[in-house]
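A short worksheet on the structure shown next.
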Amino acid sequence: MKSAVQPSDTPFYVCLALLGGIYVLLILAMLAADAAFTTPAQVWQVFRSNEIRYAVKLSLVSCSITTLLSLWIGVPLGYLISRVPFPGRGFLDALLDVPIVLPPLVIGLSLLILFQTPPGRALQRAVPITYAIPSVILAQFAVACAFAVRTMRVTFDQINPRSEQVALTLGCSQSQAFWLITLPQARRGLLTAGTLAWARALGEFGPILVFSGATRMKTEVLSTTVFLELSIGNLEAAVAVSLIMIVAALVVLAVVRRFGSEPAFRKALQP
């Protein structure tokens, strides 16, 4: 009996490559178009603007503060959700995804309304927040922290709790086991959470625009700079600033792939 000839899989893979290649080409075409639109001289000219340099400084400072705050919250919260069973854990886990799935403008509007309430107004009498630099950090933190929590939760899920349990049997307290055993094993996830939070803060636009405004030399960051330059028809400056943000994003991806936890990074980006 003659065996049936197995059909070639080549057409199947060619079809997959063609369909997927459309999106890959779109990304490459966008990057190439941005790079070809401007020149290094134009980018340098943009950097000579005091407004742009202020936006770069504020972006670096606010994103760094946001990253530290996000890790300060993300590590303990991610550990609790991963390791400690408690009533309402599923609800809390779902609640922490709300900033990720909500439209950015809604987050900014919610923050704005929050500080129009009596407690919010009382706080602002002591510390100006709305339409000031603290509002930029808070708007970035509201979204970036959710990514840090999710990344750390995935990181702790991937760490075998056996070594932590062994430490407990040898006389360590829970806090000692966490600091001496678990946290050192989570260093790659910690780096991933930090870089992801920093990149997310850098790209934040909607909440900052609504909650902080886009005032030159006051609350202007790189993302709002692109908006402001487009609004006055300065396309060259907008593209130059966009290239800065693209380079920053590529650096973050390179750091995560080289030193971070790739599974945690991928799962943190899943909706």
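The values are calculated or read from the model by the stated rules, or taken from the named source; none is laboratory data. Computed from a predicted model, the values in this text were never measured in an experiment. Ideal geometry is used to build each Cβ from the backbone, glycine not excepted, and the neighbour counts take in all protein chains shown.
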Look at ILE129 and say whether it is of a type in the set (Val, Ile, Thr) and over 16 Å from SER82 (Cβ atoms). yes
Reported set for the stretch 78-87 where residues are in contact with a helix residue (DSSP H, G or I) (Cβ under 9 Å, 6 or more places away or on another chain) and either outside any helix (DSSP H, G or I) or not assigned by TED's automatic domain parsing to the domain that holds VAL149 (or both) is PHE86
Selection from the stretch 172-207 of residues that are charged (D, E, K, R) and over 19 Å from LEU58 (Cβ atoms): ARG187, ARG188
Among the β-branched types (Val, Ile, Thr), surrounded by 21 or more Cβ atoms within 10 Å (Cβ to Cβ) and touching a residue at least 24 places away in the same chain (Cβ under 8 Å) - does that describe any residue in the stretch 114-130? no
Which of the following residues is in contact with a helix residue (DSSP H, G or I) (Cβ under 9 Å, 6 or more places away or on another chain), assigned by TED's automatic domain parsing to the domain that holds THR66 and basic (Lys, Arg): ARG121, ARG153? ARG153
Specify which of the listed residues (ILE27, ILE52) is assigned to a helix (DSSP H, G or I), under 30 Å from ALA142 (Cα atoms) and outside the structural domain of ILE137 (by TED's automatic domain parsing). ILE27
From THR224, THR219, residue being hydroxyl-bearing (Ser, Thr, Tyr), within 17 Å of the chain's Cα centre (by Cα) and on the phi < 0 side of the Ramachandran plot: THR224
From the list PHE156, PHE147, exactly one residue is aromatic (Phe, Trp, Tyr) and more than 16 Å from ARG83 (Cα to Cα). Which is it? PHE147
Could you please tell me which pairs satisfy a Cβ distance under 9 Å, a separation of 6+ or placement on different chains, a first residue in the stretch 84-106 that is touching a residue at least 40 places away in the same chain (Cβ under 8 Å), and a second residue that is of a type outside the set (Phe, Trp, Tyr) and exposed (fewer than 14 other Cβ atoms within 10 Å of the Cβ)? ASP97/PRO271; ILE100/PRO271; VAL101/PRO271
I'm checking my understanding of the structure. Among residues of the stretch 214-227 that are aliphatic (A, V, I, L, M) and touching a residue at least 24 places away in the same chain (Cβ under 8 Å), which one is surrounded by the most Cβ atoms within 10 Å (Cβ to Cβ)? VAL221
The correct count of residues that are touching a residue at least 12 places away in the same chain (Cβ under 8 Å) and more than 17 Å from THR38 (Cα to Cα) in the stretch 228-250 is 3
Can you tell me which residue is surrounded by the most Cβ atoms within 10 Å (Cβ to Cβ) among those in the stretch 1-58 that are of a type in the set (D, E, K, R) and at pLDDT below 85? ASP34
Near pairs, Cβ below 6 angstrom, 6+ apart or cross-chain, from the stretch 186-201 (over 19 Å from ALA142 (Cα atoms)) to any residue that is among the β-branched types (Val, Ile, Thr): ALA186/THR155; GLY189/THR155
What helices (runs of 4 or more DSSP H) lie completely within the stretch 146-245 and have 1 or more residues being aliphatic (A, V, I, L, M) and over 30 Å from PRO128 (Cβ atoms)? 162-169, 174-177, 187-203
Pick from the stretch 89-118 the residues that are assigned to a loop (DSSP other than H, G, I, E, B) and either among the basic types (Lys, Arg) or in contact with a helix residue (DSSP H, G or I) (Cβ under 9 Å, 6 or more places away or on another chain) (or both): which of them is farthest from GLN165 (Cα to Cα)? PHE115
Which residues, counting only those in the stretch 158-192, are charged (D, E, K, R) and surrounded by fewer than 16 Cβ atoms within 10 Å (Cβ to Cβ)? ARG162, ARG187
